[in-house]
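The values are calculated or read from the model by the stated rules, or taken from the named source; none is laboratory data. All of these numbers come straight from a predicted model, not from anything done at the bench. Every residue, glycine among them, receives a Cβ derived from its backbone with ideal geometry; neighbour counts consider all protein chains shown.
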Amino acid sequence: MTDKQEWWTAPAESESGRLIMVTGRKDITEFRNNPRFKYRVELNWHYEGDASGMPDKATSEMMEQVQERLCEVFRRDPVAVLTGIFTGDNERNWIFYTLSTNIFGRKLNESLSDLPLLPLEVYCENDSQWSAYDEMTEAEVNID
């Protein structure tokens, strides 16, 4: 799998009408074309945000550390790919596609084991058509 990554970021609105920044990965073709990458994993972190619903600096820095660790573990062992990040309305969501929820869980625990206990929730679903990814890409703003 390639180390080249292409991302986009765009503003969106939560169900409650608050700002959410959506960041999506473009260069996922090799994962999407692999029928084994059919499980969508959502890793959620609820936090006490500022007045706009965004995380404070300390929380943001810890989130960045979590993301870097997860990206590194899946770069070394590409059993999952980070495809989207949603931040705002007092919540951060990382969206992955994986070939195994069991392996994903093991890698998640290994990569974060030396950090303090984090308020993470995990949700998994079968999304072999990558429908949720397609829906997320509708938020991308194309400037031509």
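Quick check on my filter: what residues within the stretch 97-133 are surrounded by 12 or more Cβ atoms within 10 Å (Cβ to Cβ), of a type in the set (Ser, Thr, Tyr) and assigned to a strand (DSSP E or B)?
Correct list: TYR97, THR98.
Inspect all residues belonging to the stretch 119-139 and state whether any of them is over 16 Å from the mean Cα position of the chain (by Cα), closer than 17 Å to LEU19 by Cα, modelled with pLDDT under 95 and not charged (D, E, K, R).
no
Residue by residue through the stretch 41-96, note down the ones that are hydroxyl-bearing (Ser, Thr, Tyr), modelled with pLDDT of 95 or more, in a loop (DSSP other than H, G, I, E, B) and closer than 23 Å to TRP8 by Cβ. First the steps, then the outcome.
As a first pass, look at the stretch 41-96 and keep what is hydroxyl-bearing (Ser, Thr, Tyr): 47, 52, 59-60, 83, 87.
If we keep only those that are modelled with pLDDT of 95 or more too, we end up with 47, 59-60, 83, 87.
Then keep just the ones that are in a loop (DSSP other than H, G, I, E, B); that gives 47.
Residues satisfying the conditions do not exist here.
Which ones in the stretch 39-74 are surrounded by fewer than 16 Cβ atoms within 10 Å (Cβ to Cβ), in contact with an Asp or Glu (Cβ under 9 Å, 6 or more places away or on another chain) and of a type in the set (D, E, K, R)?
Within the stretch 39-74, GLU48, ASP50, ASP56 meet the criteria.
Determine whether the stretch 26-38 contains at least one residue that is assigned to a strand (DSSP E or B) and either touching a residue at least 24 places away in the same chain (Cβ under 8 Å) or surrounded by fewer than 19 Cβ atoms within 10 Å (Cβ to Cβ) (or both).
Looking for residues that are assigned to a strand (DSSP E or B) and either touching a residue at least 24 places away in the same chain (Cβ under 8 Å) or surrounded by fewer than 19 Cβ atoms within 10 Å (Cβ to Cβ) (or both), one finds none in the stretch 26-38, hence no.
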